[in-house]
């Protein structure tokens, strides 16, 4: 039987996984809300389904062996469970693997300390609170072989600090003891693939690289790689930022990734931002 993946909210991370699975003979179907994105998905070998085509998505769900959920919660909660929860629950036992892409934001602020998957969940943002609620809703579905992946800040092709450095809008925002974890999108894909090959129902994994770092260090290194002057330093208290951008600075933690290595056998392609940015510069 051919492996068939249904990807709810076929975004950046899901696209990276699809690029890995399709050459291995998988059939990948993804949902989207826009016709333009549907065409781009089709050109990448993914069968697109528009979100409002409920019957088609339910039919695809019935034919799927694996499910990936990368659609995040909105103001009304989890959109997948809201629109397709009944269909999912009715078929819960048929799926070999279900992956839910969450965020390390569920841990909240740990004042720059190291944390693992057993850390207290105490988010400081509405996004983090909504993610915890969504995680728990998925965990409550009986018979579902659920795997939760708590992703750190994602970067990769088309996503990174280079464009801001090049156009002169980058700043080195300094906040004492602020540190972030991050992960290259290709490493997200290989973690998901490793979990598919070694499923453990109920598993929760942190997905991040080995070296958390202050955000200003990443910006500075990007400028150095480009051979450009270092962007200006701005104190956090004085920085002009959107409310969402400022909210990221409400939390500081170093996230451990031991479990993806010991249990899934993952060897990261990009162990830190220096390796990842160097690879991006070659594209």
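Would you kindly state how much longer the chain becomes between residue 126 and residue 242 on full extension, computed as 0.36 nm times their sequence separation minus their alpha carbon distance, in nm to one decimal?
The residue 126-residue 242 span can extend by a further 40.3 nm.
Once the chain is represented by equal point scatterers at the alpha-carbon sites, with solvent omitted, what log10 I(q)/I(0) does the Debye formula produce at q = 0.09, 0.12, 0.16 Å⁻¹?
Calculated log10 I(q)/I(0) at the listed q: -0.44, -0.79, -1.34.
Can you say what percent of the DSSP beta bridges in the chain, counting only those with both residues inside, are antiparallel? Round to 5.
10
Given the DSSP H assignment, sum -39500 (n - 2.57) over each helix run of at least 4 residues in the chain and divide by its residue total; what's the result at 222 nm in deg cm²/dmol, nearest 500?
-11000 deg cm²/dmol
Along Cα→Cβ, 7 Å out, is where each label goes; now give me the distance between the ones at residue 211 and residue 139 in nm to one decimal.
3.3
Using the C-alpha gyration tensor of segment 16-143, what are the square roots of 5 times its eigenvalues, in whole angstrom, with the largest one first?
28, 17, 16
If I fit a long axis through the Cα atoms of helix 126-139 and take the longest principal axis of the Cα atoms of the chain, what angle between them do I get, 0 to 90°, rounded to 10?
With both axes taken from Cα atoms, the answer is about 30 degrees.
Which angle between 0 and 90 degrees, to the nearest 10, do you get for helix 54-63 versus the longest principal axis of the chain when only C-alpha atoms count?
Approximately 80 degrees, to the nearest 10.
For residue 201 and residue 82, what does the FRET efficiency come to when R0 = 30 Å and r is the distance between their Cβ atoms, rounded to the nearest 0.05?
0.80
Kindly express, to the nearest 10 degrees and within the range 0 to 90, the angle between helix 215-226's C-alpha long axis and the longest C-alpha principal axis of the chain.
Between the helix axis and the principal axis of the chain, the angle is about 80 degrees.
Assuming 0.36 nm per residue, please report the length gained on full extension of the stretch residue 90 to residue 4 beyond their Cα-Cα distance.
29.2 nm
May I ask for the distance between the Cα centers of segment 5-71 and segment 165-224, given as a whole number of Å?
25
Just so you know, all these numbers are worked out from the coordinates, no wet-lab data involved. No experiment lies behind these values; they were computed from the predicted model shown. Cβ atoms come from the backbone with ideal geometry, glycine included; neighbour counts cover every protein chain shown.
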